[in-house]
Amino acid sequence: MFFRALLFFLMMFPLWTCGGDSGDARDPVAAIEPLPSPAAPGSGEPHLFGTGPEAWLSWIEPAGEAEGESEGEAAHALRFAVWDEAGWSEPRTVAQGGNWFVNWADFPSLVRLPDGGLAAHWLARIGPETYAYEVRIATSEDAGATWSEPIVPHRDGTPTEHGFVSLFPAPGGAGLGAVWLDGRNFAAAGEPETGEGASHDAGGAEMTLRYAVIGPDGSLADETLLDGRACECCQTGAAVTARGPVVVYRDRSADEVRDIAVIRLVDGRWTVPRTVHDDGWEIAACPVNGPAIAADRERVAVAWFTAAGDTARVLLAFSDDAGATFGPPARIDEGAPAGRVDVALLSDGSALATWIERAGGEAAVRVRRVGAHGTPGPAVRVAATTEDRASGFPQMALAGERVLFAWTEPGEPSRVRVAAASLESLR
């Protein structure tokens, strides 16, 4: 399913992007400072999470040959390091194994919780099929020195796809909230499933969006069907506002319109999904290009890619009511984007957005500040990259008065690269 959707997208993508001329970006030397990377050669799939003056970078890297049941397979490790003004901490390992599902688009994550604890997720195979894998989540109470036994947030036990996870603090200190795409209905096609908050009848082979809470003691609670028909392999995003968690994802209508939807947890109940903006992108396959979200109190920013009307665009929209409604989106690309967005919200109400842009036969990671009223500032090139899957999804996070960027540099071997800029330089 994933492969067929991706193949269709790659065949069709040039139709959506021809004719776009990239504008001139500001001199990257003026703003972007390359940093040493804590990731080893062969690393990839970075994720960045910022909190206060620190940023937490996680990635996957080779870990030799697996032992035990997976003996003979290549092993992988999920590792992380913490950035502050003194530089990078020594890398630590969350977990490693030989049966992992390692994918350019469905990458692990690590987040820091309000109580100082850490939570991380990765993916592990559960059957012989290519896209039979489960989500595994571990937590740490000692800054990552030790980690809990992994917890699987879904109980269906089907050898189907489970991934594209977003982690966030559950309301009321209940533990860790997790949202993921869940393929269990592919194993039970024809059995309708409906539930509170579901916007579609999932009577066929549909990808669903689900939620659960992992308690401090590792218990599972509140597993909920959020949407019975979501786009199959686009990243999800989540942020916590003053009114509660907000989740964004690419929806999928009965007519194959795949626009970005938002769903909120309000007073203990999930709202019905609503479209952030009616792009009207009708496409009969997953574009593998999910949205990003950031929040500060009631202010929310969402960035996403669309190719509605056969025109590729990166859009950004703001909300001032914790995601209940959004204003008109601003177009922030330079005419030939590949998408793969990230977003950060600043204290003055403006936002930073990153994406991959084509320019002169090459590709680059771009960053642009968008004013509180939606006015885009100049675009700045962060780094050269490629459109290949091996380049992955660039990441961004705030760390005090700086912003950090991470991306995968393809090659033999690949490697996670890192750079930084002052917020002042990106006005």
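Given the conditions (1) more than 17 Å from T275 (Cβ to Cβ); (2) touching a Gly at 6+ places or on another chain (Cβ under 7 Å); (3) open to solvent by 20 Å² or more (accessible area, probe 1.4 Å); (4) not hydroxyl-bearing (S, T, Y), and given that A336 satisfies all but one, which numbered condition is not satisfied?
Result: A336 passes all but (3).
Kindly indicate whether any position in the stretch 145-153 is part of a loop (DSSP other than H, G, I, E, B) and under 15 Å from W180 (Cα atoms).
Yes, the stretch 145-153 has at least one match.
If you check E90 against the conditions, is it among the acidic types (D, E) and either assigned to a loop (DSSP other than H, G, I, E, B) or touching a Phe, Trp or Tyr at 6+ places or on another chain (Cβ under 9 Å) (or both)?
So E90 passes the test.
Could you look through the stretch 93-116, keep only residues that are under 29 Å from P34 (Cα atoms) and in a strand (DSSP E or B), and pick out the one that is nearest to the chain's Cα centre (by Cα)?
Here the residue is S109.
If V266 satisfies all but one of (1) over 18 Å from E206 (Cβ atoms); (2) touching a Phe, Trp or Tyr at 6+ places or on another chain (Cβ under 7 Å), what's the number of the condition it fails?
Condition not satisfied by V266: (2).
For (1) in contact with a strand residue (DSSP E or B) (Cβ under 6 Å, 6 or more places away or on another chain); (2) open to solvent by 10 Å² or more (accessible area, probe 1.4 Å); (3) in contact (Cβ under 8 Å) with a residue 60 or more places away in the chain, each residue gets a yes or a no:
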{"residue": "R136", "(1), (2), (3)": "yes, yes, no"}
{"residue": "A145", "(1), (2), (3)": "no, yes, no"}
{"residue": "R155", "(1), (2), (3)": "no, yes, yes"}
{"residue": "G172", "(1), (2), (3)": "no, yes, no"}
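What are the pairs, 6+ residues apart or on separate chains, where a residue within the stretch 388-408 that is within 21 Å of A31 (Cβ to Cβ) and open to solvent by 10 Å² or more (accessible area, probe 1.4 Å) has its Cβ under 8 Å from a residue that is modelled with pLDDT of 95 or more and of a type in the set (K, R)?
Once the first residue is within 21 Å of A31 (Cβ to Cβ) and open to solvent by 10 Å² or more (accessible area, probe 1.4 Å) and sits in the stretch 388-408, its partners that are modelled with pLDDT of 95 or more and of a type in the set (K, R) give W407/R417.
Counting only residues that are of a type in the set (K, R), in a loop (DSSP other than H, G, I, E, B) and surrounded by fewer than 23 Cβ atoms within 10 Å (Cβ to Cβ), how many does the stretch 234-276 have?
1
Would you check if F326 is open to solvent by 10 Å² or more (accessible area, probe 1.4 Å) and part of a strand (DSSP E or B)?
no
With (1) within 20 Å of Q395 (Cα to Cα); (2) surrounded by 16 or more Cβ atoms within 10 Å (Cβ to Cβ); (3) modelled with pLDDT of 75 or more as the list, and A25 as the residue in question, which single condition is left unmet?
The failed condition is (3).
Quick test for you: out of G64, G68, G98, G50, pick the one residue that is modelled with pLDDT under 95, in contact with a strand residue (DSSP E or B) (Cβ under 8 Å, 6 or more places away or on another chain) and open to solvent by 20 Å² or more (accessible area, probe 1.4 Å).
G64
Looking for whichever is in contact with a helix residue (DSSP H, G or I) (Cβ under 8 Å, 6 or more places away or on another chain), surrounded by 20 or more Cβ atoms within 10 Å (Cβ to Cβ) and in contact (Cβ under 8 Å) with a residue 60 or more places away in the chain here; the options are V416, V380. Which one fits?
V380
Only one residue in W281, W355, W270 is of a type in the set (F, W, Y) and more than 24 Å from P394 (Cβ to Cβ). Which one?
W270
Has the stretch 117-126 got at least one residue that is within 27 Å of C233 (Cβ to Cβ) and assigned to a loop (DSSP other than H, G, I, E, B)?
Among the residues of the stretch 117-126, at least one is within 27 Å of C233 (Cβ to Cβ) and assigned to a loop (DSSP other than H, G, I, E, B), which makes the answer yes.
Rundown of residues vs (1) part of a loop (DSSP other than H, G, I, E, B); (2) within 30 Å of D348 (Cα to Cα), yes/no style:
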| site | (1), (2) |
| --- | --- |
| H373 | yes, yes |
| G377 | no, yes |
| A384 | no, yes |
| F393 | yes, yes |
| T408 | no, no |
| P413 | yes, no |
| V418 | no, yes |
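So is E282 surrounded by fewer than 17 Cβ atoms within 10 Å (Cβ to Cβ), touching a helix residue (DSSP H, G or I) at 6+ places or on another chain (Cβ under 9 Å) and acidic (D, E) or not?
Answer is yes for this residue.
Looking at P216, is it assigned to a loop (DSSP other than H, G, I, E, B), at pLDDT below 95 and more than 29 Å from A344 (Cα to Cα)?
Against the criterion (assigned to a loop (DSSP other than H, G, I, E, B), at pLDDT below 95 and more than 29 Å from A344 (Cα to Cα)), P216 does not qualify.
The values are calculated or read from the model by the stated rules, or taken from the named source; none is laboratory data. Just so we're clear, the structure is a prediction, and the values are computed from it rather than from any experiment. As a convention, Cβ positions derive from the backbone with ideal geometry for all residues, glycine included, and neighbour counts pool all protein chains shown. Keep in mind that these areas ignore ligands, DNA and RNA; they rest on the heavy atoms of the full protein, side chains included. Shrake-Rupley method; radii C 1.70, N 1.55, O 1.52, S 1.80 Å.
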